[in-house]
Every structure is written in structure tokens, then in C-alpha cells.
1. Among residues other than ALA205 whose Cβ falls under 14 Å from its Cβ, what is the net charge (Lys/Arg +1, Asp/Glu -1)?
2. How large a share of the accessible area of the range 25-91, in percent, is made up of carbon and sulfur atoms when the probe is 1.4 Å and the other protein chains stay in place?
3. Quick one: accessible area per residue over the range 1-127, 1.4 Å probe, rounded to a whole number of Å²?
4. If you count, for each residue, the other Cβ atoms within 10 Å and average over each peptide, how do 63-69, 134-140 line up from highest to lowest?
5. At 222 nm, what helix-only mean residue ellipticity would the chain give, in deg cm²/dmol to the nearest 500, using -39500 (n - 2.57) for each DSSP H run of four or more?
6. Mean separation of Cα pairs under 8 Å and 6+ residues apart, divided by the residue count of the range 103-211: what relative contact order is that in percent?
7. Can you pull the three principal axis extents for the Cα set of the range 65-212, in Å, largest first?
8. Identify all lysines with a Cα-Cα distance to LYS34 below 28 Å; exclude those on the same chain that are fewer than 8 residues away in sequence.
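The values are calculated or read from the model by the stated rules, or taken from the named source; none is laboratory data. As the structure is a computational prediction, the values presented were derived from the model and not from experiment. Quick reminder, even Gly has a Cβ in these numbers, built from the backbone with ideal geometry, and neighbours come from all protein chains shown. When the accessible area is computed, the model is the full protein with side chains, heavy atoms only, and any ligands, DNA or RNA have been set aside. Shrake-Rupley method; radii C 1.70, N 1.55, O 1.52, S 1.80 Å.
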Amino acid sequence: MSQTFPFPFEPLPYPYSALEPALSKEILEFHHDKHYKTYVDNLNGILADFPKLQDTTLSELLIHLDDLPSDIQTGIRNNGGGVYNHQLYFHCMQGNGFCTPEGEFANAIHRDFESLDNFNRVLTNAAVKLFGSGYAWLVYEKGKLSVVTTANQDTPISDTRHPLLCIDVWEHAYYLQYQNRRADYIANWLSLINWEYVNSMFQMAEAQDETI
Ligand code: MN3
């Protein structure tokens, strides 16, 4: 997330119907074109009045929220987080059929979660139990993988912690298709994970880790 102001409204990386039947075209149209776009517009609206922050990357803004002017901290947290989280979320999915982690990344999953099945259980448990709106994440920190959750549009990013994957459990992510059945959405979502993309995030996190 090395983009800077003005943050682009990125197109969905696949057709709106690509994730059916697990996730409907209608959900993705609303989620991408309405919800995500609103966060992009709001973030750019806030930064339009702060030229000094316009060269700061989205990751840096979110890592150093406490250093921002106090009157825009909440706005950047909610809308900057909304942009960051949705971009990762959309990229974490694919509709080309089930795939699995490979190579060194697969070894790391086995080392830290025992198996891919157990990782799926840990992520599912976290996502199902998350109260209210938020995300469940796979993160990399200091050579180790773990699952964490955040509320609202908070992002678990820091100087040392790298988000690799996230599942959006705001009701807007599933309600049109699954109504109150969040667990069914999560179970079907697991089959959409784009492990190739998550692996590329893992490689990047490892590379950045070595430079800290
Ligand atoms: Mn969302």
C-alpha cells in the first residue's frame, strides 16, 4: 500500500460475478462500488486540506496515526483503514477454484498452525466470534504468523506487523446473500482465498522484516 494522495479508486481485480456462487455479483457491486468507493472519496477529501501529508503512503499514515493532527486522526483511521482493508480483502479472493499455499509459505503455515485445516479453523473461530463489525486477519510479525481481529476499520499494521490476508465480517460483506448466517459466509469464503496473492504478501513482509 505504497500509494499516496490522491488515492485511486482501484477496479475490482476480477469480474463482479467471478466469485459466484460463494459471493454474489450483487454483493460485490455494492461492496466495491459503494462501500469501498466511499472510503476512497472520504480519505481524499480529508487529505485535500493537508498538503504536508499528501506524499505520505497509506501504510505510513495508518502506522503513525498518533502523529497526525488530532482533528483528522479518527477520519484517517476510519477511512484510510477502510481503503487499506478493502484493497487487501478484494485481492485476497479469486474465483479460479480452490488453491493452497506453496513452498516456504506452506512451511510457515504448518510451523505456526500445524496444518492448513487448522489455520482455517483458527481464522473461522476468530471471524465467527468477532462481535459487531470488523475483520479477521492473518498477520506476519518477526518471523511468525498469527491470526488477529480488529474492530470497525482498524488495521493491525505497525512497523513490525504485516497484514497478509483479511476477511471482512461487516454485515455489508454478506448480508444480501447470507442474511444473519455469518458462519456460512465464512465457510464459503475459505474456498475463495487467493493463496498466490497472500504468498506474495508473505514474501514482501519477510523482505521488509530483514531491513528493519
Ligand atoms: Mn467492507
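1. -4
2. Carbon and sulfur: 46 percent of the exposed surface of the range 25-91.
3. 49
4. Ranking the peptides 63-69, 134-140 by packing returns 134-140, 63-69.
5. Per the formula, -12500 deg cm²/dmol.
6. So the answer I get is 24 percent.
7. Computed over the Cα atoms, the extents are 45, 45, 25 Å.
8. Leaving aside lysines fewer than 8 places away in the same chain, those within reach of LYS34 are LYS25, LYS129.
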